[in-house]
Each structure stands twice: as C-alpha cells, then as structure tokens.
1. Select from segment 104-128 the residues that are away from ligand 1 (no atom under 16 Å from the Cβ) and within 15 Å of Lys71 (Cβ to Cβ) and list them in ascending order.
2. If you go through segment 1-33 one residue at a time, how many are near ligand 2 (Cβ under 9 Å from one of its atoms) and either in contact with an Asp or Glu (Cβ under 7 Å, 6 or more places away or on another chain) or polar (S, T, N, Q) (or both)?
3. Please list, ordered by residue number, the strands (runs of 3 or more DSSP E) wholly in segment 140-229 having 2 or more residues that are under 28 Å from Asp113 (Cβ atoms) and aliphatic (A, V, I, L, M).
4. Is there a residue in segment 177-195 that is open to solvent by less than 30 Å² (accessible area, probe 1.4 Å) and aromatic (Phe, Trp, Tyr)?
5. Please state which of the following conditions Lys57 fails to meet, knowing it meets all the rest: (1) of a type outside the set (Asp, Glu); (2) within 16 Å of ligand 2 (Cβ to nearest atom); (3) in contact with a Gly (Cβ under 7 Å, 6 or more places away or on another chain).
6. Any residue in segment 110-126 that is at positive phi and not assigned by TED's automatic domain parsing to the domain that holds Gly223?
7. Examine segment 70-82 for a residue that is closer than 19 Å to Ser143 by Cβ, of a type outside the set (Gly, Ala, Ser), modelled with pLDDT of 95 or more and within 13 Å of ligand 1 (Cβ to nearest atom), and state whether such a residue exists.
8. Checking Glu84 against (1) open to solvent by 60 Å² or more (accessible area, probe 1.4 Å); (2) within 30 Å of Cys18 (Cα to Cα), which single condition isn't satisfied?
Amino acid sequence: MTRDDLFNINAGIVKGLCEAIAKHCPKALVNMISNPVNSTVPIAAEIFKKAGTYDPKRLFGVTTLDVVRAKTFYAGKAMVPVAEVNVPVVGGHAGITILPLFSQATPKANLSDEELTALTKRTQDGGTEVVEAKAGKGSATLSMAYAGAIFADACLKGLNGVPDVIECSFVQSTVTELPFFASKVRLGKNGVEEVLGLGPLSDYEKEGLEKLKPELLSSIEKGIKFATQ
Ligand SMILES: NC(=O)C1=CN([C@@H]2O[C@H](COP(=O)(O)OP(=O)(O)OC[C@H]3O[C@@H](n4cnc5c(N)ncnc54)[C@H](O)[C@@H]3O)[C@@H](O)[C@H]2O)C=CC1
Ligand SMILES: O=C([O-])CC(=O)C(=O)O
C-alpha cells in the first residue's frame, strides 16, 4: 500500500477532523501527519477556507520523519554522531517528492555521487520500506511518534517565543511555483514566522526538484479537488 492508496480512507477522516477543528479550536496549530500528507494538507486548507478559519501560518504537514531518516542514514555513511547532523529535506512526503539536500548537510563529509544517490533513495523509500515489512500491520509507528514529538515540541517552543526555531515542514509556500511545498520554516508565536528558501542546490538536487514537481502538484490538486467538489 502506498501513501496515495491511503487517500480514499484518510481524505474523508481528515475532512471530518478539520471540520471539527474549524468549529471547536479554529486557532489551533494543526500538525498533519495523516497520509498522503501531500494531499491531506491541501484538503485541510480547503476545509478551513470553507469554514472561514484558514490561516496558512497554522497548518503544517509533518515531514520531520524524512529529516530524521536523512540524518540517520547520513550519519551512518559519514561516520559522524547523528546528534550533530543537520540535513534539510524539501518537497513533499512521498517517494521522489521527498528531496533531501545532502549538499547542505553538516558536518561536511566527502561522500561520492553514488553514495549520495543511494542515501537519497534510502531516505525517499524509508517509509515504504517499513510499510512493506509490516505487511498490512501499519507503518513506522514509533519513529513517526518520535518525529511528531520533535515537530510538536518545535511548534510549542515557537509559540513560547523561543527564537530561531527552525524545522522543515510542508506548508503553503511561494518557494517554488507549487502552492504547498516542504522547506525550512521559522516557527514563532503565530505558527509560521517565515518560510525559508532552498539555498544552493547541487545539479543532482536541481534535477530531483524538477522531477518531483509534477507528482507533487498532482497530489496537491487531488486534495483540493476532493475538498471542493
Ligand atoms: N507523516 C509521517 O511522517 C507519517 C505518517 N504516517 C501516517 O499516520 C497515519 C497512522 O499510521 P499508523 O499509526 O501506522 O496506522 P494504524 O492503522 O496503526 O493506526 C490508525 C489509527 O487510526 C484510528 N482511526 C481509524 N479511523 C479513525 C477515525 N475515523 N477517527 C479517528 N481515528 C481513526 C484506528 O483505530 C487506528 O488506531 C497513517 O495515515 C500513516 O500513513 C505514518 C508514518 C509517518
Ligand atoms: O509510508 C507510509 O505510509 C508511512 C510514512 O509516511 C512514513 O513512514 O514516512
């Protein structure tokens, strides 16, 4: 089962939950974990728009697990402590739409193009690997909980005025021509303080960025269509 196969079940669940959020806690920061995130975030935006409560600063697709995976796999290859690693992951949260920017990874490591390609693929397929291994018994439950906790904690730090809280997230965006996109986001008292740009990309990452756009756009449009029809 892919994240997209989950659309038929989860789109309706997300719609119902978002209608309830709009009614009962319209000012909440919404951290959307339910898949396919590339579609469920646009669904949520449309439901909130219908209810007159949409605030793009308060709606987040949780892509932290992609960052956790990118950091873990990079640390293993670069032989550096994972706690010291930083890797931005941009795009979306499914397959090739997940684009880890290993060219910006710190600490720097001298990895070959083949190694970087393998790390990218491993990060993109990490979720599917777990779903297939669990064979119908769910997904990456514990690592998702870990990633969700990191992101929720970052949102709370932002709300509490801690400066320079930055996490990657799938949000309404003008970083590319797509209406939603994951990139680094500065979190603050109102949710999104600033959506940060992509920074310099390697040729491989530039290629990955162009390749992911049609798939990501189609998932976004599928969500919007579901919520507006
Ligand atoms: N954004 C991310 O990084 C990740 C997202 N996910 C997504 O998180 C979601 C949950 O994954 P798992 O915990 O592995 O699935 P699961 O199948 O183990 O748990 C789903 C839970 O939702 C409950 N549920 C079903 N219908 C409901 C409804 N109408 N209202 C409220 N609750 C309902 C079920 O009873 C069950 O306890 C999935 O959409 C999965 O694809 C999973 C891993 C990572
Ligand atoms: O692939 C899935 O359905 C679960 C998921 O999002 C992940 O583990 O990243």
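The values are calculated or read from the model by the stated rules, or taken from the named source; none is laboratory data. As the structure is a prediction and not an experimental result, all values here were calculated from the model. Quick reminder, even Gly has a Cβ in these numbers, built from the backbone with ideal geometry, and neighbours come from all protein chains shown. Areas reflect the complete protein model, heavy atoms only, side chains present, ligands, DNA and RNA absent. Shrake-Rupley method; radii C 1.70, N 1.55, O 1.52, S 1.80 Å.
1. Gln104, Ala105, Thr106, Pro107, Lys108, Ala109, Leu111, Leu116, Leu119, Thr120
2. 1
3. Per the criteria, no element qualifies.
4. yes
5. (2)
6. Checked against the condition, which is being at positive phi and not assigned by TED's automatic domain parsing to the domain that holds Gly223, segment 110-126 yields no hits at all.
7. No, segment 70-82 has no match at all.
8. For Glu84, the exception is condition (2).
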